[in-house]
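For reference, the structure is listed below as structure tokens.
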Amino acid sequence: MKKFYITTPIYYVNDIPHIGHSYTTIAADIAARWKRLNNYDVFFLTGTDEHGAKIAQAAKEKGKTAQELCDEMSEKFKEAWSLLNISYDDFIRTTEARQSKAVSQMVQDLLDKGFIYKKEYSALYCVGCERFYPEKDLDENGCCPFHKTKPVLQSEENYFFRLSSFADKLLERISDPNHKEHISIRPEERKNEIIGKIKLGLEDVSFSRTAIDWGIPLPFDKSQTVYVWVDALINYITAIGYPSNQEQFNKYWPADIHLMAKDILWFHSVIWPAMLMAAQIPTPKQVYSHGFFTLNGNKMSKSLGNVISPAQLAAKYGVDGARYLAVTLIPFGPDGDISWDALTKKYNIDLANNLGNLISRTIKLAEKNFDLKVPQTPADLSLTNKVAEILNENFAPAMDNLYLHKASESLQNALTLINRRIESDAPWKLANTDLPKLANCIYSYLQSLNLIAIHLLAFMPELSKKIWLITGASGDIETCAKKYFADKQIPKEGFSPSGAQLQTAGILFPRI
Ligand code: MSP
């Protein structure tokens, strides 16, 4: 069995989970579910980033200890992911013992191998990003490009990592797709940005802090803590067993996809691979940075009061509706803008009209004319085969490349094909004129709907199961989906055999 290891960023616990975090996590969940359906042995990791100045400050402002804040907020992330039906295999917290053990081991190893040294340093630090900024990377007002706040000057004696010695090796691995340890950076434009930046030269990076005590102490100098980003990146190997569970580590490492937005691509595509190379650990296969979205043209922020929570999204569109809409409204990759209006419009078109109406029309016809059973008729899979053709050609490749909007487009095209067929069959006229033809029509719509349900499963796990049951399909949907994706064969009698009991649908997607 092939393996697939996918990660989300571990989120800072100074903020409650919002639609931005949900975007990445839902996308990763859909990728993980898709791979499981394609018979991969999947490890899907998410978690929370709990050390550093930002968290210590947030705790102070709230009158809590840092640990209290972390315990409380990491629960909030777990609750959000449980609400959104996120099927992670592990949730890591950087304050866990396994993390400090792994971090200490890795940092000591880098020191022993000669990649860490001590030096006096003075530079501008943005607490929001938890990083130093060279002046050239600040905006025209001298502010952090992401937080729009002025970084503060910090002078410390820190331990540094020899990032500068990895520029050539990184360029080789990133640029050459045939390199045996190729690091694929997606999308292409972002890869080119990273290559361009590496070519400008890499400076060594600070690896520790003296002034911040909310962190993991350096094993060789307890007066300093490990820089929060170094700590955070190591989570990806801690969770699968580094350094003690070699067997599990070898099974899943290297990561197949580190997923995130462009704000933190540099850390994942440059600093992290360099740390791994220094420690002689294989580098990740792919770093995928999706776009950053704004809400009605504005950055989401507490001060603007425009932050959308996962709960709000689920309350409006249902959990599965929220999952589908969040990741398909804008193309997955470039930046984009979202709004409640645009979400609702897509909900009404894709889910209430195209899918919801199709199901309720089909079931009503069967209820009225065939006693709520799959009609007895010779198995005719011509329509279903056409649906399969569209999906095979476009849906599967889109999913493999994480083009989630394209995958949804292909599903909608398949639904349009079925809906057009219904319009031309005009089955409501057939009840009095041609019952065998009506039986054939309803049978065809049901089989096609089953195929749609199988393809929607990664996006909408619960509703797909419901559609499967309503349409009288036999067997467990996941088992049938796995079999279908393995051999692309629709069963000879269809998924819903003639005579099978259907269920009244009710309104699956109430129009908003
Ligand atoms: N703790 C670090 C990550 C360490 S990973 C080793 C961090 N945390 S964060 O809480 O700020 O999360 C940033 C990530 O949240 C982004 O990279 C992205 O995955 C997601 N997003 C947050 N807001 C977003 C948008 N507005 N749009 C798209 N993604 C968003 O950085």
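The values are calculated or read from the model by the stated rules, or taken from the named source; none is laboratory data. Source: prediction; values computed, not measured. We place every Cβ from the backbone using ideal geometry, glycine too, and count neighbours over all the protein chains shown. Heavy atoms of the whole protein, side chains included, go into the accessibility calculation; ligands, DNA and RNA do not. Shrake-Rupley method; radii C 1.70, N 1.55, O 1.52, S 1.80 Å.
Region 78-116 and region 134-172 have Cα centres lying 24 Å from one another. Measuring from centroid to centroid over Cα atoms, what is the spacing of region 369-440 and region 288-303 in Å? About 37 Å separates the Cα centre of region 369-440 from the one of region 288-303. With a/c under 1.5 counting as rounded, go ahead and sort region 138-224 into rounded, prolate or oblate using the C-alpha gyration tensor (a ≥ b ≥ c being the square roots of the eigenvalues; past the cut-off, prolate if a/b is larger than b/c, else oblate). Oblate, since a/c reaches 1.5 and b/c is not below a/b.
For region 340-487, the solvent-accessible area with a 1.4 angstrom probe is 41 square angstrom per residue. When shorter helices are ignored and each DSSP H run of at least 4 residues is given -39500 (n - 2.57), the per-residue value for the chain at 222 nm works out to -14500 deg cm²/dmol. Projected over all directions and averaged, the alpha-carbon convex hull of region 340-487 occupies 9.1 nm². Taking amide H atoms as placed 1.01 Å from N in the peptide plane, the amide H of G47 lies under 5 Å from those of Y11, I92, each 5 or more residues away in sequence or on another chain. Here the dipole of the chain is about 1020 debye; that uses its Cα centre as origin and unit charges on the Cβ of Lys and Arg (positive) and Asp and Glu (negative).
Of the chymotrypsin sites (Phe, Trp or Tyr not before Pro) found in region 172-246, those in coil by DSSP whose Cβ has at most 14 other Cβ atoms within 10 Å are F220. Any of K3/K483; K364/K466; K101/K285; K373/K483 with alpha carbons more than 23 Å apart? Name them for me. From the list (K3/K483; K364/K466; K101/K285; K373/K483), the Cα-Cα distance tops 23 Å for K101/K285; K373/K483. Can you give the FRET efficiency to the nearest 0.05 for T210 and S244, using r as the Cβ-Cβ distance and R₀ = 35 Å? For R0 = 35 Å, the calculated efficiency reads 0.75. Distance between the C-alpha centres of region 234-281 and region 38-74: 19 Å, rounded to the whole angstrom. On a per residue basis, region 43-127 carries 42 Å² of accessible surface, using protein heavy atoms and a 1.4 Å probe.
Which entries of K54/K169; K60/K150; K35/K180; K2/K345 show an alpha-carbon separation above 29 angstrom in the structure shown? Pairs exceeding 29 Å: K54/K169; K2/K345. Sequentially through region 404-409, phi angles give Karplus couplings (6.51, -1.76, 1.60; θ = phi - 60°) of 5, 5, 6, 4, 5, 4 Hz, Gly and Pro residues having no value and appearing as x.
In plain terms, the chain from F220 to N298 could stretch by 23.6 nm, reckoned as 0.36 nm per residue minus the Cα-Cα distance.
Rounded to the nearest 0.05, what FRET efficiency do K483 and S175 give with R0 = 35 Å and r taken as the Cβ-Cβ distance? Could you check? Walk me through the numbers before you get to the answer.
On the way: r = 40 Å, r/R0 = 1.15.
For R0 = 35 Å, the calculated efficiency reads 0.30.
Using a 4.7 Å Cβ-Cβ cutoff, the cysteines of the chain lacking any partner cysteine are C70, C143, C441, C480. Mean separation of Cα pairs under 8 Å and 6 or more residues apart, divided by the residue count, gives the chain a relative contact order of 15 percent.
When the charge dipole of region 359-512 is built from unit charges on Cβ atoms (+1 for Lys and Arg, -1 for Asp and Glu) and taken about the Cα centre, the candidate among L383, A439, L417 whose Cα reaches farthest toward its positive end is A439. Dipole size of region 382-427 about its Cα centre, with +1 on Lys/Arg Cβ and -1 on Asp/Glu Cβ: approximately 60 debye, rounded to the nearest 20.
Rounded to a whole number, what % of the accessible area of the chain do carbon and sulfur atoms account for, probe 1.4 Å? Let's see the in-between values first.
Numbers: 10690 of 21130 Å².
Percent of accessible area from carbon and sulfur atoms in the chain: 51.
One quarter of the convex hull surface built on the alpha carbon atoms of the chain amounts to 24.8 nm², the projected area averaged over directions.
Partners of K119 within straight-line reach, counting aspartates and glutamates whose Cα lies under 12 Å from its Cα and excluding those fewer than 8 residues away in the same chain: E156, E157, D204.
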